[in-house]
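Notes for the one structure printed next.
The values are calculated or read from the model by the stated rules, or taken from the named source; none is laboratory data. Remember, it's a predicted structure, so these values are computed and weren't measured experimentally. Ideal geometry is used to build each Cβ from the backbone, glycine not excepted, and the neighbour counts take in all protein chains shown. Areas reflect the complete protein model, heavy atoms only, side chains present, ligands, DNA and RNA absent. Shrake-Rupley method; radii C 1.70, N 1.55, O 1.52, S 1.80 Å.
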Amino acid sequence: MDYLVGMNKNEDGRHDLSAILLVSHAFPPDVGGAQQVAVQNARMLSKTHKVEVLTSTNAPKGWDQRYDFTVTRVSTPFGVWPLRYARAFAARSSRSYRAVIFNDPAALYAAGLSAPSSFLKRGIGYLHGTEPELFFSEPKLLYRLVRFRHYFKRGLAGCRVILPVSKYMQRKFVEQTGLHGFQSKMSVAYAGVDQSVFYPDPSDIRDHHDIEDTADVLLSASRLVKQKGYDEMLQIFGDLCREGHSLHWIIAGDGPYRESLLQEVEREGLSDCVTWVGELTQDNLRQYYSAADAFWLLSKFREAFGLVYLEANACGTPVIGRDRGGVREAIQNGTTGFLVTNAEDCRRILANRRYQSLETEDVLDWAGDFGVKKAIQRLQKIIDQVACSTDTEMGS
């Protein structure tokens, strides 16, 4: 049974049109890009609006006390979570919101299944990355059984604005789904870098890990899965070390590929040149970004965007990424880092230490263009447009 906190009404009982409902099936303590966007948007919007987050993700007691917005967690036993959202929507159906943000695919599915028309008229739906593959071109049997594509598409159709997280994501979604009619209400919404968290922060990381002063430090941070490019990166790194280049690789994160990668590092005789730090808090990650000479991640996925590269840039660190997907929009090639098409491109950049020639000021300025404050300002304009056009239609 879900619990309701704060009805966002004025003292005289009238509905407060400064209220925003943010529906995100995935939410911390779960981790991921969509979860990060949800928290970031809720936190920043709560400075000027009454924000309620509706989610099914469980959390330890007291977890939500860290937030200055309301979090309502609905109990969702396996197999019936859409019905729980239907109940939560019904409990709020008489309330007026300035906007209702559907942050992830499950939220949009729930919207298409049971959200009242008053919610969808003020709806803003996010597209984060793998929606075309998961629900259109390669749907699992379970998704077909619950008609996920049908209700997901209905949720998007009902929303007034659709926010793909990059230009690449917009093109990819339209091309792979054939939903060309949705383009007219799409507006790219890049995830913002929180510069109160990520900024140059000198630390004693080198001393802490006993890294030689002559070695350039390379940092990678991600979920440790093979498709993030770690096998190819290890081959490049090993070749350079054997050629006599003084390098040290710090790997942050965890995942199913960790043990295999660890064994490969040992077989290659590179254990003394590689440091494993596991999953890091954002504050610790900031210090590692700042200590690195370069951040590199050669993901083989067609990433929808590349926020991790911008986080490194915000700490003053140049980056190297694969020239594909949304990563192209996160890296200003030759100015804030380098886009590479193959292993040899990357090897030459590292061998020649070309990242040392990049201007720190340019790197920081680029990250600033993707700052969370600017991202929220863009979202706020969209919210205002949604509210204005909806109120005009309703004759308010």
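Return the residue satisfying two criteria in turn: it lies in segment 363-391 and is open to solvent by 100 Å² or more (accessible area, probe 1.4 Å) and of a type in the set (S, T, N, Q), and of such residues it is farthest from Gln40 (Cα to Cα). Among residues in segment 363-391 that are open to solvent by 100 Å² or more (accessible area, probe 1.4 Å) and of a type in the set (S, T, N, Q), the one farthest from Gln40 (Cα to Cα) is Gln385. Of all residues in segment 39-68, exactly one satisfies the criterion of being out of contact with any helix residue (DSSP H, G or I) (no Cβ under 9 Å at 6 or more places or on another chain) and open to solvent by less than 10 Å² (accessible area, probe 1.4 Å), namely Ala42. Kindly establish whether Asp213 is without any contact (Cβ under 8 Å) to a residue 12 or more places away in the chain and open to solvent by 10 Å² or more (accessible area, probe 1.4 Å). Answer is yes for this residue.
Working only within segment 185-208, note down all residues that are open to solvent by 80 Å² or more (accessible area, probe 1.4 Å), hydroxyl-bearing (Ser, Thr, Tyr) and modelled with pLDDT under 95. The answer is Ser196, and nothing else. In segment 349-362, the condition of being under 22 Å from Phe173 (Cβ atoms), open to solvent by 10 Å² or more (accessible area, probe 1.4 Å) and in contact with a Leu (Cβ under 7 Å, 6 or more places away or on another chain) is met by no residue. Quick check on my filter: what residues within segment 223-248 are open to solvent by 10 Å² or more (accessible area, probe 1.4 Å), at pLDDT 95 or above and assigned to a loop (DSSP other than H, G, I, E, B)? Listed by number, the residues that qualify are Glu243, Gly244, His245, Ser246.
In segment 149-178, how many residues are part of a loop (DSSP other than H, G, I, E, B) and open to solvent by 30 Å² or more (accessible area, probe 1.4 Å)? Residues in segment 149-178 being part of a loop (DSSP other than H, G, I, E, B) and open to solvent by 30 Å² or more (accessible area, probe 1.4 Å): 2 in total. Taking interchain pairs and intrachain pairs at least six residues apart, which have beta carbon atoms under 6 angstrom, with the first residue in segment 368-390 and within 17 Å of Phe102 (Cα to Cα) and touching a residue at least 40 places away in the same chain (Cβ under 8 Å) and the second of a type in the set (A, V, I, L, M, F, W, C) and part of a helix (DSSP H, G or I)? Filtered contacts from segment 368-390: Ile376/Met44.
Please verify whether Arg258 is among the basic types (Lys, Arg), in contact with a helix residue (DSSP H, G or I) (Cβ under 8 Å, 6 or more places away or on another chain) and closer than 27 Å to Ala314 by Cβ, treating the condition exactly as stated.
no
For segment 347-371, which residues satisfy the criterion of being in contact with a Phe, Trp or Tyr (Cβ under 9 Å, 6 or more places away or on another chain) and among the hydroxyl-bearing types (Ser, Thr, Tyr)? If the condition is that a residue be in contact with a Phe, Trp or Tyr (Cβ under 9 Å, 6 or more places away or on another chain) and among the hydroxyl-bearing types (Ser, Thr, Tyr), then Tyr355 is the only one that fits.
In segment 135-154, is there at least one residue being in contact with a strand residue (DSSP E or B) (Cβ under 6 Å, 6 or more places away or on another chain) and either without any contact (Cβ under 8 Å) to a residue 40 or more places away in the chain or within 26 Å of Ser114 (Cβ to Cβ) (or both)? Lay out the reasoning, then the answer.
Here is the first cut: in segment 135-154, the ones in contact with a strand residue (DSSP E or B) (Cβ under 6 Å, 6 or more places away or on another chain) are none.
So far as segment 135-154 goes, no, none of its residues is in contact with a strand residue (DSSP E or B) (Cβ under 6 Å, 6 or more places away or on another chain) and either without any contact (Cβ under 8 Å) to a residue 40 or more places away in the chain or within 26 Å of Ser114 (Cβ to Cβ) (or both).
In segment 200-210, the qualifying residues are those that are among the charged types (D, E, K, R) and without any contact (Cβ under 8 Å) to a residue 40 or more places away in the chain, and the one that is nearest to Gly316 (Cα to Cα) is Asp204.
Quick grid of which residues meet (1) closer than 26 Å to Val327 by Cα; (2) over 18 Å from the mean Cα position of the chain (by Cα):
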{"site": "Pro200", "(1), (2)": "yes, yes"}
{"site": "Asp207", "(1), (2)": "no, yes"}
{"site": "Ala221", "(1), (2)": "yes, no"}
{"site": "Met233", "(1), (2)": "yes, yes"}
{"site": "Glu259", "(1), (2)": "no, yes"}
{"site": "Leu285", "(1), (2)": "yes, no"}
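Only one entry of Ala351, Ala304, Ala294 meets the criterion of being farther than 25 Å from Asp201 by Cα, of a type in the set (Gly, Ala, Ser) and more than 18 Å from the chain's Cα centre (by Cα), and that entry is Ala351. For segment 320-328, the criterion of being at pLDDT 95 or above, under 16 Å from Glu359 (Cα atoms) and not polar (S, T, N, Q) is met by at least one residue. Taking residues in segment 302-314 that are closer than 18 Å to Ala252 by Cα, and partners anywhere that are basic (Lys, Arg) and surrounded by fewer than 24 Cβ atoms within 10 Å (Cβ to Cβ), the pairs with Cβ atoms closer than 9 Å and at least 6 places apart or on different chains are Gly306/Arg328; Glu311/Arg286; Ala314/Arg286.
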